[in-house]
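Okay, so here's the structure we're looking at.
Read the figures in this text as sums done on the coordinates, not as results from a lab. Please read these numbers as outputs of a predicted model, since none were measured by experiment. A quick note on method: Cβ atoms are made from the backbone with ideal geometry, for glycine too, and the neighbour counts reach across all protein chains shown.
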Amino acid sequence: MTAPRRYHITTFGCQMNKADSERMAGILEDMGFEWVDDPNDANIILYNTCTIRDNAEQKVYSYLGRQAKRKHEQSDLTLIVAGCVAQQEGEALLRRVPELDLVMGPQHANRLQDLLEEVFNGNQVVATEPIHIVEDITKPRRDSTVTAWVNVIYGCNERCTYCVVPNVRGIEQSRTPEAIRAEMEELARQGYKEVTLLGQNIDAYGRDLPGVTESGRHQHTLTDLLYYVHDVPGIERIRFATSHPRYFTDRLIRACAELPKVCEHFHIPFQSGDNDILKAMARGYTQEKYRRIIDKIRECVPDASISADAIVGFPGETEDQFENTLKLVEDIGFDQLNTAAYSPRPGTPAALWENQLSEEVKSDRLQRLNHLVAVKAAERSQRYLGRIEEVLVEDQNPKDKTQVMGRTRGNRLTFFTGDFHQLKGQLVKVKITEARAFSLTGVPLEARTFQPV
Ligand code: SAH
Ligand code: SF4
Ligand code: F3S
């Protein structure tokens, strides 16, 4: 009799990686492997990696080092590196960690079974060549039973001068509206209530699909997709990320205002509040254009929450230019902002420039920006106090089991007292009694129950 074959996946990085990991886990379960929480008990360990900044990449090597050692004692251990570090390093990763069995780029996630079969036949495998991404045929093993990610477009055709994503994720490949809707219908059948449509540059959705309208625009845009999928019965909320200011349209804002299931939350990274830095980043818009987008959103969807990403310490950024970023953050008042110090990445233009800033300057700017972000987010949170918000219950509060947690339509994490098993997946009206910078607490008024379909 053979012992149970167990796998463990550790996922780093963004939502695309999390979605890929869920599909790879589905493939492994289909192959008869069982999930195990402790990697030390696993026969297959898969690291789904991120290389967006140097510290993300280094983290992977430290995890990998530990398991590579273990492999010398346990010869039936299969070690896999998937994701963006795998794509960036390819063969070089095998030279650095010869214990590896499989190195596979993100475009190959759905091919995991084929690749593993090659490994079990005794090969060391590297799969990083660009391919047409195959539709996933396996049922993903999703982390949540309430909310789910649905990829709509893979890759990115932009060339922001700091960014590795186009190198590691390849060119844009949109899924068809039919495939996306079918996945959402299946999710609804399984009881999911919320879907987040995913793409690194989701506004590019459909550009690579055939078909133009009479007025000459692409027939399949993100806006058209929202109209096409919004009425999937059972799916109560739809979100999408990440938006790019260069391609963001008024039509999209109107669709969000019009379609009741599309949540009032926009994630639109601006990266810098200074026009010269934006130009050096090759972002393709000005800070004035960014402000106009936000004004338009607030005009059409007054209560919309706005989040973004920003980088400080880009090569050549002066104190004045950094202050333009602070000014934008001060003026707009983001509900949430992901901030990062610029990290030079291999294979990107900006990494080769000579005007790099010191770590001291970068970390000082990061601290100053983070301080402002927290102050502004706390201010923004105050508007929720005393209000009644709709919260979709996703989980128990891990720190207080008498509470459940979920999100408002605007994406604020919210806690309230309740029994998770009773409330899971329900939309509950909650009166907000406490507002912190990035989360809320409230008391439930009523729960809307759903009949299973
Ligand atoms: N597609 C998204 C972002 C993808 S990467 C967009 O266009 O906005 C996620 C975030 O990581 C970016 O928004 C950026 O803020 C940050 N980032 C990317 N490359 C970086 C680098 N080299 N150094 C620091 N932060 C970086
Ligand atoms: Fe990177 Fe720019 Fe593409 Fe975003 S749009 S993934 S920042 S290259
Ligand atoms: Fe990281 Fe790759 Fe996402 S580099 S941020 S996991 S696309």
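Some observations on this one:
- A straight Cα-to-Cα reach below 30 Å connects K424 with the lysines K18, K139, K193, K261, K399, K401, residues fewer than 8 places away in its own chain not being considered.
- Rounded to whole Å, sorted largest first: equivalent-ellipsoid semi-axes of the chain, Cα gyration tensor: 34, 29, 23
- Working value for the stretch 159-255: equivalent-ellipsoid semi-axes of 24, 17, 13 Å, each the square root of 5 times a Cα gyration tensor eigenvalue, largest first.
- Nearby lysines by direct alpha-carbon distance to K327 (threshold 29 angstrom, same-chain neighbours under 8 apart not counted): K279, K289, K296, K362, K376
- Within the stretch 385-448, the proportion of C-alpha pairs whose separation exceeds 20 Å stands at 11%.
- Where N is the number of residues in the stretch 139-214, Cα Rg divided by 2.2 N^0.38 Å: 1.26
- Put simply, the amide H of N338, placed in the peptide plane, has neighbours under 5 Å in A308, D309, A310, leaving out anything fewer than 5 places away on its chain.
- Each 10 Å bin from zero up to the one holding the largest Cα-Cα distance in the stretch 319-443 carries the following percent of pairs: 12, 32, 23, 18, 13, 2.
- Helix-only CD estimate at 222 nm, as mean residue ellipticity for the chain, using -39500 (n - 2.57) per DSSP H run (n ≥ 4): -10000 deg cm²/dmol
- Calculated over the stretch 147-382, the projected area of the Cα convex hull averaged across directions stands at 13.5 nm².
- According to the calculation over all Cα-Cα pairs in the stretch 1-123, the P(r) per 10 Å bin from zero is 13, 50, 33, 3, 0 %.
- Cysteines in the chain lacking a second Cys C-beta under 4.7 Å: C14, C50, C84, C156, C256, C263, C300
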